[in-house]
Amino acid sequence: MKILTAQQTRDADAYTIQHEPIPSIDLMERASTVFTDWFCEQFPMRHQMVHVFCGTGNNGGDGLAVARMLHARKYDLQLSICRFSETGSEDFRENLERLRSLRDIEIREIREDDPLPALEGTAIVIDAIFGSGLNRPVSGYWARLFEHINESGAAIASIDIPSGLFADEASKGAYIQADRTLTFELPKLAFLFPENQNAVGNWTHRSIGLAPDFLEKVETDNYYIDREMVAGLFRKREKFDHKGTFGHALLVAGSYGKVGAAILSARAALRSGLGLLTIHAPRCAYEILQISIPEAMVSIDRHRHYISEWPQLDSYDTVGIGPGIGQGQMTKEAILPLIESAEMPIVLDADGLNILSKNPDYFGKLPANSILTPHPKEFERLFGPTENNFERNQLQRDMAARYGIIIVLKGAHTCIALPDGNCYFNSTGNPGMATGGSGDVLTGILTGLLAQQYSAQSAAILGVYLHGLAGDMAVKKLESHALVSGDLIKFLGKAFLSLHADRT
Ligand SMILES: NC(=O)C1=CN([C@@H]2O[C@H](COP(=O)(O)OP(=O)(O)OC[C@H]3O[C@@H](n4cnc5c(N)ncnc54)[C@H](O)[C@@H]3O)[C@@H](O)[C@H]2O)[C@@H](O)CC1
Ligand SMILES: Nc1ncnc2c1ncn2[C@@H]1O[C@H](COP(=O)(O)OP(=O)(O)O)[C@@H](O)[C@H]1O
Ligand SMILES: [K+]
C-alpha cells in the first residue's frame, strides 16, 4: 500500500472529482459517511455529549457533514466553528447551509480571543479543525484552544489527521492529541513515527473510493507493508524440493553469558524454512547448542568465550552476524574481515552493528544488499543523531542508497530502507515484543529467508512482517506482559500458515 504526501492526496481528490466524475461536495459526503460509520462503531453509546469542533476548510466541511449525520443517528451534539476565515471553503459553506436548515442544532462560533468554550471531561470531541491543508504551525489563541481541548479529559476522535499535525514533515506548533484518528484512504507518513504517537493515538485508515487508477499510477517512495504485498512475496514449497533447495546459512553468534541470543536466532532461522544451519560460536557454547538445537550444526571457535575467527564461507548462501557476540577486540578483528570477505548479502545485527559503527570505513565494504537491523540507538551510533524522525528517515534513506544496503530501523513501525531510495513501513507487531531477544529472532528469520534465495529486498519485507505477525498472534494467546521472545518463534509457523491461507 502506498503512502502519499498531502499534495498527492489533494491530487488524488481532484483526479477523482474530475474522472469518476463526482462533485466535490458528494466526495465530501462520502468521506463523512465513512467517518460517521467508523465513529458509531467506536462510540456506540448515544447518551454521551459529542462536541464537534470545525475549522473553515474542507476538514471543517467534513465535520459539519458528520455532525448532520450523527444528529440523524440520534447522538447529542454541540458544534463549534473556529472562525479562521469569515468565508470558508465552498464545500464548508454548502455543508453549513445544510446544517442550518436542520434548525435544531445550535451552531456556535469561536473567534480569536473569545473565552475558551466549556468542555466536559465526559464528552467526546470530534476534531475537524484542520486537515491536510495545514500550511503553518498553530500558535497563539488557537494553540491555547488546542491545549484546552487536550486537557479537558474528553475522548478525542480526529477526522483525517489530528489538527495542527503536518502529514509529511516535523510538526512544530500545537496539535490536537487524539485518542483515535480515522484517516481517509491511505496512511500518512507522520503517523508512523513515535514522536507523533501522542497526536494520532490509535489510528486507522478507510477507503473513501479515491480513483484506483490514480492510486495505481502515482509515484511514491514510501509504502505501508500490507498482507497483499507480503502474500505476493511468499513462496510455497514444491513436491520435489529438497533441503539443498533451501540453502545453507552460517550464523555467527554468542559469547560467554550470551549463548541464549545464538539459540534464539538459530531457532528462528530454522523455523523460517532454511535447508541447513551452521552456528559458529565460542567453545563454551558447544554443548549448550548441540543439546538445545539438534537441527543445527556447530562450528566451534578456538576461543573459549568469544568469537575470534570464522569458518570458510564457500559453502554458505548467507551469513547472519551479531546476536550476543560482544564487542571485544578479538571479536572485532574477526568480524571486520569477515564482512569484507563475504560476497553475498549478509545480515548484521546487535554487536555486529556496534563494531561497524566504530569502524565506519567498513560501511563501503559491506556486500551489496546486505541487511543491517539497528534499533534507534544502534542507528544513532552508526549514522549519528538527528533532530526528529523525519530527518532520521531521510538519513536512513541516504545511507541505504549510498552504501547499496538495506537498513531495517526497528520500532513499532519498523522501516526498511532499500538502496533504490524506497522505504517500507511495517504494519505488524506490538509492544509485547519490546522484550530481550526479539531482535535476535528477527536476525534469524532474515538469515533463514536470505539462505532460501529470497532477494534481500523480499527477505527484509517478508521477514519483518512475519516477525510482527508472529508477535501479534502470540499476544492474543499470552497477553503482552507475558510474551517473551522465544514465543515469537513458536508462533512463526502460525504466521506462515496465515500467509498460505491468503495464497490459496
Ligand atoms: N474534495 C476534497 O478535497 C476532499 C477533502 N477532504 C477533507 O479536506 C481536508 C483538506 O481540506 P483543506 O485543503 O481545505 O484543508 P484544511 O481543512 O486543513 O483547511 C485549510 C485552511 O486552513 C488555513 N490554515 C492552514 N493552516 C492554518 C493555521 N495554522 N492557522 C490558521 N489557518 C490555517 C488554510 O489557509 C486553508 O484556508 C482533508 O484533510 C479531508 O478532511 C475530504 O472531505 C475528502 C474529499
Ligand atoms: N512497541 C513495539 N511495537 C512493535 N514491535 C516492537 C515494539 N517494540 C519492539 N518491537 C520489535 O521487537 C524487536 C526488538 O528488537 P531489539 O530492540 O533489537 O531487541 P533485542 O536487542 O532485545 O533483541 C524489533 O523487531 C522491533 O521492531
Ligand atoms: K482534523
- Message: Filter the chain for me: DSSP H helices, axial length by Cα at least 30 angstrom, mean Kyte-Doolittle hydropathy not below 0.5. List them by residue number.
- Response: 456-478
- Debye, to nearest 20: dipole size of the stretch 6-220, +1 on Lys, Arg Cβ, -1 on Asp, Glu Cβ: 420 debye
- Query: How far is it, in nm, from the label point at residue 476 to the one at residue 218 when both lie 7 Å from their Cα along the line to the Cβ?
  - Reply: 3.1 nm
- Sort largest first and round to whole Å: the equivalent ellipsoid semi-axes of the chain, each the square root of five times a Cα gyration tensor eigenvalue. 50, 22, 21
- Task: Find, among the trypsin sites (Lys or Arg not before Pro) in the stretch 1-64, those assigned to loop by DSSP (not H, G, I, E, B) with at most 12 other beta-carbon atoms within 10 angstrom.
- Result: 46
- Report the net charge of residues surrounding residue 95, where surrounding means a beta-carbon distance below 11 angstrom and charges are Lys +1, Arg +1, Asp -1, Glu -1. -2
- Task: Pop a pseudo-label 7 angstrom from the Cα along the beta-carbon direction at both residue 380 and residue 170 and give the gap in nm to one decimal.
- Result: 1.3 nm
- Taking only C-alpha pairs under 8 Å that are 6+ residues apart, what is the relative contact order of the chain in percent? 12 percent
- Query: Antiparallel DSSP bridges in the chain: what percent, to the nearest 5?
  - Reply: 15 percent
- Modelled label reach - residue 358, point 7 Å along Cα→Cβ, the stretch 383-411 residues with backbone N closer than 19 Å: 383-385
- Task: Anything over 25 Å Cα to Cα? Flag those among 410/476; 258/490; 239/476; 258/410; 377/477; 236/365, in the order listed.
- Result: 239/476; 377/477; 236/365
- Query: Hey, how many Å between the Cα centroid of the stretch 149-223 and the Cα centroid of the stretch 1-64?
  - Reply: 12 Å
- Task: Grab the other residues whose beta carbon is less than 12 angstrom from that of residue 252, score K and R as +1, D and E as -1, and report the net.
- Result: -4
- Query: Taking the Cα centre of the chain as the origin, how large is its charge dipole in debye, to the nearest 20, when only Lys and Arg (+1) and Asp and Glu (-1) carry charge on their Cβ atoms?
  - Reply: 1460 debye
- Message: Assuming 0.36 nm per residue, please report the length gained on full extension of the stretch residue 295 to residue 207 beyond their Cα-Cα distance.
- Response: 27.0 nm
- Only Cα pairs under 8 Å and at least 6 apart count here; give the relative contact order of the stretch 302-424 as a rounded whole percent. 19 percent
- Between residue 18 and residue 501, what length comes free when the chain is fully extended (0.36 nm per residue of separation minus the Cα-Cα distance, one decimal in nm)? 170.0 nm
- Segment residue 2-residue 422, length gained on full extension (0.36 nm per residue, minus Cα span): 150.1 nm
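Coordinate-derived values only; no laboratory data. This one's a predicted model, so the numbers in the text were calculated from it and none came from an experiment. Positions of Cβ are backbone-derived with ideal geometry, glycine not excepted, and every protein chain shown enters the neighbour counts.
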